[in-house]
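The structure appears right after this line, and notes come after that.
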Amino acid sequence: MLWSLLKILFFVILVAALAYGAGILMETGPGLRVAVADMEFVLGPLQAVILALLTVVGVWLLLRVAGFLVALVRFLNGDETAISRYFSRSRERRGFQALADGMLALASGEARLAMSNAAKAERFLRRPDLTNLLSAQAAEMLGDKGRARDIYKKLLGDDRTRFVGVRGLMKQKLAEGDTETAIKLAEKAFVLKPRHAETQTTLLQLQANAEDWKGARKTLNAKLRHGNIPRDLHRRRDAVLAVCEARDLMVDGDEPRARDLSIEANKLSPDLVPAAVMAARAYHAQGREKQAVRVLRRAWEAQPHPDIAAAFAELVPDETPQDRILRFGQLTDVRPDDPETRMLTAELAIAAEDFPAARKALGDLADTAPTVRALTLMAAIERGLGSDDEVVRGFLAKALGAPRGPQWVCDSCATVQPAWAPVCGHCGGFDTLAWKPAPANQAALAGASDMLPLLVGGGLEKSVE
Ligand SMILES: [Zn+2]
C-alpha cells in the first residue's frame, strides 16, 4: 500500500519536474541554465531533452532497485522467501505479458510473433498447459502441421489439456482425409467430454459416413441427453439411422430384426418416405396388411411420393388394372389435388387404357406445372385417345426441355441425388436430402429413362422412337 503510494508520488514529482523543465526551455530559448551548488551549466535544447530522458531511465532504475531493496529488507527481517518472490513475481509478470502479447498476435494473424511470444512465455512461466495451446494455434496458423502435431501430442500428457490435444489431432486427421484415425480420436474425445456438442456432431458425422449406424444412434442419444439437439430433430435423425441399420440387416439376411427396426423407424418419423416404405413391406411380410396401408397413407398425407405409390402397388402385386384403380382409392383420396396424386391417378387410368379418365385426372397439370412426367403422361394420353402424331410429338418435345419436378435435393449443397440416402453423396452432409424441385442449374440432370412414367407399360416407347 505504502509502496504504491510512493510510486505514485515519484511519478507526480517527475511529471512536475518535466513540465517545469519544459517551461524553462521555452523561456530561455536556445540555452538552459542549471545551477548546481556554486556551479552553473548551460545546456542546449537537445542536451536538455537527453537529460530529461536520462532522468526517466534513472527514476525507473531507482524504482527497480528500491523494489529489490524492499525485498532485501524483508528478507533480512526474517521473510526468507521475499527475494525469490520478488524475482518470481517479476518473471511471472513478464511471462503473462508475453502470453498476452502472443494471444493478441494470434488474434491479429501474426503467427510468427505469436510463436516467439509463446516461447518467451514458456521460458518465464513454465506453464506448458497455457503456452502449448498458444504455440499449437500459432503453428496451425503458420501451416506447420508437424510442429502442431508434436505440441498436440504433448498436450495429451496432462489431464487438463488431453481433450484439446485429442481434438487438435482429430482435426488434423480430418483435414488429411484420414477418417479411420479421426473416428478413433473422435471416440476418445467423446469419452473425455461426452457433453461437448462439437465432438458429438463430428463423431456422428464420421459414424454416419462410415455406416456405423449403431454407433451413430448412440452418439445421437448422447446429443439428446445433453440437450444439444431438439427432440423432434432427434426423432427424425434416429429414424434415418434406424432405416439404414434395417437396410444393412436386410442385406445380411436378418429379416425379422430388419422388419422390427423398419417399423421402429416409421414410428419415430412417420413422414420419412424410406422408413414408411420399409415399414409397409415389413407389415406386409408379417401379414398385417391394414398396418401396411395405414403407414403408407400417413406418409402420403405428409408428402406424396412415387416410392410410396410403388410400395402400395407391391402390397397386391398381381391384380388387374381395374382392381388396382379401386384399391389405390385408399391412397389417392388422402391428397386428391396434389400433382403427385393426379399424375398417379392418370398413370393408373392409362394402365387400364381408360384415357379419358387419365386426362380428367391430369387436368391442366401440363400447363400449370409442366414437368417431364406430366408432359410425358399427356403424350401417352393423346396417343391413347388417337390424336395426331404431331400432337403426341409436341408434348414429348416439350417434355425434353421441361423441369423434372421434385427430386431428392441436398439442403446443404443443393445437388440432386439419384436416390434417397442418409448421407449426401456430394457434400457428405447427414440427413440433408429433401424431396423438392431442383434448383434451375441442376435441372439438366434428367436422364432419358426417367421419361417413362412409373406404371405405364409398352405403348409409349414406339412414339418416343
Ligand atoms: Zn450435399
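Structure notes:
- Computed over segment 89-184: relative contact order in percent, which uses C-alpha pairs under 8 Å that are six or more apart: 19 percent
- When the helices of the chain are scored as -39500 (n - 2.57) per DSSP H run of n ≥ 4 and the total is divided over every residue, the value at 222 nm lands at -22500 deg cm²/dmol.
- The residues of the chain expose on average 56 square angstrom of accessible surface per residue, using a 1.4 Å probe on protein heavy atoms.
- The distance linking segment 97-120 with segment 49-64 is 30 Å (Cα centroid to Cα centroid, whole angstrom).
- Taking label positions 7 Å along the Cα-Cβ direction at both residue 54 and residue 7, the computed distance is 2.7 nm, reported to one decimal.
- If you plug the beta carbon distance of residue 68 and residue 201 into 1/(1 + (r/R0)^6) with R0 = 45 Å, you get a FRET efficiency near 0.25.
- On full extension, the segment bounded by residue 252 and residue 335 gains 26.2 nm, given 0.36 nm per residue less the C-alpha separation.
- Spin-label model, residue 38/residue 145: points 7 Å from Cα along the beta carbon direction are separated by 8.2 nm.
- Computed extension length for residue 192-residue 14: 58.4 nm, one decimal, from 0.36 nm per residue of separation with the Cα-Cα distance subtracted.
- Value of relative contact order over the chain, rounded to a whole percent, pairs C-alpha under 8 Å and six or more apart: 6 percent
- Simple Cβ-charge dipole of the chain, Lys/Arg +1 and Asp/Glu -1, about Cα centre, in debye nearest 20: 2680 debye
- Averaging Cα coordinates gives a centre for segment 295-343 and one for segment 356-413; these two points are 19 Å apart.
- Additional length obtainable on full extension of the chain from residue 233 to residue 209, 0.36 nm per residue less Cα span: 6.7 nm
- Backbone N under 20 Å from the residue 129 label point (7 Å along Cα→Cβ), restricted to segment 139-163: 151-163
- Residues of type lysines that residue 436 reaches as a straight line, Cα spacing below 23 Å, ignoring anything fewer than 8 places off in the same chain: 398
- Taking 19 Å as the straight-line reach from the Cα of residue 214, the aspartates and glutamates in range (excluding those fewer than 8 positions away in the same chain) are 180, 187, 238, 245, 248, 252, 254, 255, 260, 264, 431.
- Once the Cβ-Cβ distance of residue 316 and residue 368 is raised to the sixth power relative to R0 = 35 Å, the FRET efficiency obtained is 0.60.
- Cysteines having no other Cys beta carbon under 4.7 Å from their own, within the chain: 244
- Straight-distance crosslink candidates among aspartates and glutamates, where the alpha carbon sits under 16 Å from residue 184 and sequence neighbours closer than 8 are dropped: 176, 198, 211, 212
- The calculated FRET efficiency for the pair residue 323 and residue 285, based on their C-beta separation and a Förster distance of 25 Å, comes to about 0.70.
- Carbon and sulfur %, accessible surface of the chain computed with the full protein complex present, 1.4 Å: 58 percent
- Protection proxy ranking of 252-263, 61-72 - average other beta-carbon atoms within 10 Å, highest first: 252-263, 61-72
- What you get for segment 332-402, charging only the Cβ of Lys and Arg (+1) and of Asp and Glu (-1), is a dipole of about 140 debye around the Cα centre.
The values are calculated or read from the model by the stated rules, or taken from the named source; none is laboratory data. Computed from a predicted structure; not experimentally measured. Every residue, glycine among them, receives a Cβ derived from its backbone with ideal geometry; neighbour counts consider all protein chains shown. Surface areas here come from the heavy atoms of the whole protein model, side chains and all, with no ligands, DNA or RNA. Shrake-Rupley method; radii C 1.70, N 1.55, O 1.52, S 1.80 Å.
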